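Let me begin by presenting the structure, written as structure tokens, before commenting on it.
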Amino acid sequence: MKILVGVKRVVDSNVKVRVKADGTGVETAGLKMSMNPFDEIAVEEAVRLKEKGVATEVVVVSCGVAACQETLRAALALGADRAILVETGEELQPLAVAKLLTAIADKEKPGLVILGKQAIDDDCNQTGQMLAALTRMPQATFASRINLAGNDAVSVTREVDGGLETVRLKLPAVVTTDLRLNEPRYVTLPNIMKAKKRPLETVKPADLGVDVAPRINTLKVAEPPKRAAGIKVADVAALVSKLKNEAKVI
Ligand code: AMP
């Protein structure tokens, strides 16, 4: 069974991002970019399923600029077999990505699609759900455990408010990963070398018949308000008075 995994190129999670001076978005020029952390977990899970012998091929897809090839190479170094870049310079919103992934899924016919639960740059948490709707596949979001026994169904344990919920889906299905699903392996140098030889195909949205024009207009992006400097109080009475009269929390 083939597993399709979506991997997004995002600003590295250790980099502090800055809002552009004109408030139109976030400055990304010159910043370190990496694979979205939830997508690394998705690739790791797909590779583990292949190592267990329940999956036969892991295909990774990234939609975006040509530099997404680096993200795809990183996924190949983690153990994916093949990569597809849907290349475009357009700003891609979740609906556009979901449509592109639908077109790829129509061609590739995966038994399972694994995406991250959210991209850490836009925090949308929408693409997996939209993909499930467009492809009419069942979905299990926020997976902390995936149990793929055969080619017909998958059991997924989800982290919900009250604890852990386990659902069973008919395949093909869409699953999105949560943090506790696994801990991705470190990429080794031999695997980076091997990844260079693995196939990476490039297609354009028009080749897939998908219109990726943005549907949502960003009106303004602003920095969060700066935190005021802390102060030292003389004693407990002064602290309680400030909490009561200034912070109004007691
Ligand atoms: P989002 O809905 O934007 O929070 O993204 C959720 C998940 O969808 C990500 O973790 C990825 O697995 C997938 N995804 C989003 N954007 C892209 C993209 N440009 N290329 C490939 N996969 C993506």
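The values are calculated or read from the model by the stated rules, or taken from the named source; none is laboratory data. Computed from a prediction, not measured in an experiment: that's the story for all the values here. All Cβ positions, even for glycine, are placed from backbone atoms using ideal geometry, and neighbour counts span all protein chains on display.
What to note about this one:
- A residue that is in contact with a Ser or Thr (Cβ under 9 Å, 6 or more places away or on another chain), at pLDDT 95 or above, within 16 Å of the ligand (Cβ to nearest atom) and polar (S, T, N, Q) cannot be found anywhere in the stretch 162-171.
Results for (1) touching a strand residue (DSSP E or B) at 6+ places or on another chain (Cβ under 9 Å); (2) modelled with pLDDT under 95; (3) under 30 Å from ALA77 (Cβ atoms); (4) surrounded by 11 or more Cβ atoms within 10 Å (Cβ to Cβ), shown as yes or no for each residue.
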residue	(1), (2), (3), (4)
GLU201	yes, no, yes, yes
LYS204	yes, no, yes, yes
ARG215	no, yes, no, no
THR218	no, yes, no, yes
PRO224	no, yes, no, no
ARG227	no, yes, no, no
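- The stretch 36-58, subset within 13 Å of the ligand (Cβ to nearest atom) and either in contact with a strand residue (DSSP E or B) (Cβ under 7 Å, 6 or more places away or on another chain) or modelled with pLDDT under 95 (or both), residue farthest from LYS2 (Cα to Cα): ASN36
- Count - residues of the stretch 76-135 that are outside any loop (DSSP other than H, G, I, E, B) and of a type in the set (Gly, Ala, Ser): 10
- Of the residues screened, VAL187 is one that is surrounded by 13 or more Cβ atoms within 10 Å (Cβ to Cβ), among the aliphatic types (A, V, I, L, M), under 19 Å from the mean Cα position of the chain (by Cα) and more than 16 Å from the ligand (Cβ to nearest atom).
- Any hit, the stretch 105-112, residues being under 21 Å from LYS204 (Cα atoms), within 13 Å of the ligand (Cβ to nearest atom), at pLDDT 95 or above and under 16 Å from the mean Cα position of the chain (by Cα): no
- Test: ARG158 is outside any loop (DSSP other than H, G, I, E, B), within 16 Å of the ligand (Cβ to nearest atom) and basic (Lys, Arg): yes
- Residues that are closer than 23 Å to LYS107 by Cα, touching a residue at least 12 places away in the same chain (Cβ under 8 Å) and either touching a His at 6+ places or on another chain (Cβ under 7 Å) or buried (at least 24 other Cβ atoms within 10 Å of the Cβ) (or both) do not occur anywhere in the stretch 19-38.
- For GLN139, the conditions (1) free of Cβ contacts under 8 Å to residues at least 40 places away in the same chain; (2) within 11 Å of the ligand (Cβ to nearest atom) all hold with the exception of (2).
- Condition broken by ASP123, with the remaining ones in (1) in contact (Cβ under 8 Å) with a residue 12 or more places away in the chain; (2) among the acidic types (Asp, Glu); (3) farther than 22 Å from ALA173 by Cα satisfied: (1)
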